[in-house]
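Here's the structure we're looking at; comments come further down.
We did not get these values from a lab; they are worked out from the coordinates using the rules stated. Please read all numbers here as calculations on a predicted model, not as lab measurements. Neighbour counts run over all protein chains shown; Cβ positions are idealised from the backbone, glycine included.
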Amino acid sequence: MRLTRLKSASRRFAKWAGAVAVAAGIGAFAGACPQLAAVSSAHAASEAAQKIADHFSSVRSMSGEFIQFGPKGEQTGGKFYIQRPGKILFNYEKPATFKVVSDGKSVAITNTKLKTADIYPLSKTPLKLLLDDRIDLSDQKVQKVTEDADLTTIVLADQSVFGNSRITMMFDPKNYELRQWTVTDAQGKDTTVMIFNVTEGAKVDANVFKIDYQNLNKGNGANQR
């Protein structure tokens, strides 16, 4: 009976983890095969757009709240923490039992109740583009830059890693603050993360970004992607 329950729990976790991966904008990218279609060249970025990107890159830590809208209209939310380069934590509100954490090398989608996780290399997820040390708008990863009166939009992609998937970041051109980002997977499905009540330069305990590999490798274990 215990083995049956464990198998059932594992199947449920695999289903839930997949849903959270899509909602967090991770699973759609991890392991994506490069596509044959070429990524369009970046539109010329203005000095103002590069200033926005530079400001965002200069913010070494950040905390706040988020709301996520998935491809099927599903909505989740909670609190997030960022420490550049490469570290992020999404703590989901109850009744969700998941959290997404990157320690700078790997991204773990953890079921805190079952103590199991799916682990992806950070380099294979769009979070890497969001958490890089600097966003260079002359870089080939920049697919498009659009400047409007109330919004500056920067589209990033890396065909060699993510295929035709991309991440779109939207900034306030007046105060340079990040408002939201959208992940588009290879099938054209969008997941949007809106952030608010943001504190730039927040003091964040480095321990919140730790992934407990040792414990995850025991019991139900961790699925390496």
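For the reader, a short list of remarks on this structure follows.
- Net charge, residue 203 excluded, C-beta distance under 15 Å - Lys, Arg +1, Asp, Glu -1: +2
- Positive minus negative residues near residue 155 (Lys, Arg vs Asp, Glu; Cβ under 11 Å): +3
- Computed FRET value (nearest 0.05) for residue 146 with residue 213, which takes r as the C-beta separation and R₀ as 45 Å: 0.65
- The residues neighbouring residue 140, those whose beta-carbon lies less than 14 Å from its own, together hold a net charge of -1 under the Lys/Arg +1, Asp/Glu -1 convention.
- Take every pair of alpha-carbon atoms less than 8 Å apart whose residues are at least six positions apart; their mean separation over the length of the stretch 112-189 yields a relative contact order of 20 percent.
- Ordering 180, 138, 162 by Cα displacement along the dipole of the stretch 116-225 toward the positive end leaves 162 in first place; charges were set at the Cβ atoms of Lys, Arg (+1) and Asp, Glu (-1).
- Under the combined filter of DSSP loop state and at most 12 neighbouring Cβ atoms within 10 Å, the stretch 63-117 retains these GluC sites (Glu not before Pro): 74, 93.
- Partner lysines for residue 141 [C-alpha distance under 17 Å; skip if fewer than 8 residues away on the same chain]: 124, 128
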